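To keep things clear, I will list the structure first and then write my remarks on it.
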Amino acid sequence: MTQRLDGTVALVTGASSGIGEATAVALAEEGAAVAVAARRRDRLEALAERIGTTTEVLVLETDVTDEASARSMVDATVRRFGRLDTLVNNAGVMLLGPIVEAPVEEWRRMVELNVLGLLYCTHAALPHLLEAADGPPRQVADIVNVSSVAGRFARAGSGVYNATKFGVGAFSESLRQEVTRRHLRVSLIEPGATRTELAGHNRPEILETIGATFGQTELMEASDIAESIVFTVTRPRRVTVNEVLIRPTEQER
């Protein structure tokens with residue numbers, strides 16, 4: 001049994017492409033008003049036009065690695081819609097490569113976005129989510145943290161990305177234990193190889209390695225992950241989907 005999201009408000013970070021974009025569309029189709037956040041306003045405005053006939057959409061040009069910007073994003077959402085029921089922490093970056101002689105700036109970017117950005121957004125949203133969970137229409141609220149298969153299994157050439165995603169998993173479980181009796185559900189989504197822009201931020205030599213690894217694999221689509229997120233947040237109040245590991249059928253590890 002699913003529960004539609006009519007009368008609720010969702011905020012999706014990293015919504016300008018890929019999983020975030022697909023998730024915003026899917027949540028709108030379930031009846032939620034949607035705030036979409038990312039750095040690329042033009043992409044967000046195009047997304048808003050796409051789903052604006054379905055529900056209300058708020059465009060928020062945001063850099064979640066800046067704490068003040070993340071807090072303003074949440075505040076703007078609540079000012080516009082009066083509440084916040086669902087936070088999807090999707091913004092992230094994957095910069096792979098050996099640890100030896102790695103560009104440390106790549107590590108810094110991943111820590112700032114994958115970890116600190118998620119923490120800033122969550123901290124700002126928590127009071128509003130707890131308030132929503134305490135009343136109608138659903139008497140439950142959701143945080144969905146988009147991690148990765150890299151948050152489950154470490155591998156050579158992925159060390160710092162692994163560290164950030166393992167950190168997301170640890171934070172999510174600790175927070176879940178803290179708020180679960182207040183009916184704020186914390187869920188972790190761990191996609192494997194998915195056809196998005198994520199890998200494209202890597203250096204050319206790393207892209208070659210990724211291509212050699214997954215070139216013959218039928219990748220998942222962003223909509224596949226969005227469907228998992230919608231499934232997670234539309235469960236009855238009594239049910240929390242704690243963790244979803246989802247990989248292409250042909251992905252071995």
For labels at LEU245 and ALA154 in the simple 7 Å Cα→Cβ model, what's the distance in nm?
1.6 nm
Relative contact order for the chain: what is it in percent, counting Cα pairs under 8 Å that are at least 6 residues apart?
21 percent
Once the chain is represented by equal point scatterers at the alpha-carbon sites, with solvent omitted, what log10 I(q)/I(0) does the Debye formula produce at q = 0.07, 0.11, 0.13 Å⁻¹?
-0.22, -0.54, -0.76
Please give the peptides 109-116, 176-183 ranked by average Cβ packing (other Cβ atoms within 10 Å per residue), highest first, as a rough proxy for protection.
109-116, 176-183
According to a simple spin-label model (label point 7 Å from Cα along Cα-to-Cβ), what is the distance in nm between ILE99 and GLU29?
4.2 nm
Tell me the net charge near HIS123. Cut-off is 14 Å between Cβ atoms, HIS123 excluded, with +1 for each Lys or Arg and -1 for each Asp or Glu.
-3
HN-Hα J in Hz across region 114-125 - Karplus 6.51, -1.76, 1.60, θ = phi - 60°, x for Gly and Pro
5, 10, 4, x, 4, 5, 4, 5, 5, 4, 5, 7
Explain nothing, just compute: Karplus ³J(HN,Hα) = 6.51 cos²θ - 1.76 cosθ + 1.60, θ = phi - 60°, for every residue of region 232-237 in order, whole Hz, x for Gly and Pro.
4, 8, 9, 6, x, 3
Using label points projected 7 Å from each Cα along Cα→Cβ, tell me how many nm separate ARG181 and LEU219, to one decimal.
4.5 nm
May I ask for the net charge around ALA150, where only other residues with Cβ less than 10 Å from the Cβ of ALA150 are counted and Lys, Arg are +1 while Asp, Glu are -1?
+2
Summing Lys, Arg as +1 and Asp, Glu as -1, what charge do residues with Cβ under 12 Å from the Cβ of ALA133 carry, ALA133 excluded?
+2
Give me D for region 136-253 in µm² s⁻¹, whole number, from Stokes-Einstein with Rh from the Kirkwood sum over alpha-carbon pairs, 4 °C and 1.567 mPa s.
83 µm²/s
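Taken together, the values in this text are just the output of simple stated rules run on the coordinates, not laboratory data. Given the structure is predicted, the values throughout are model-derived calculations rather than measurements. Every residue, glycine among them, receives a Cβ derived from its backbone with ideal geometry; neighbour counts consider all protein chains shown.
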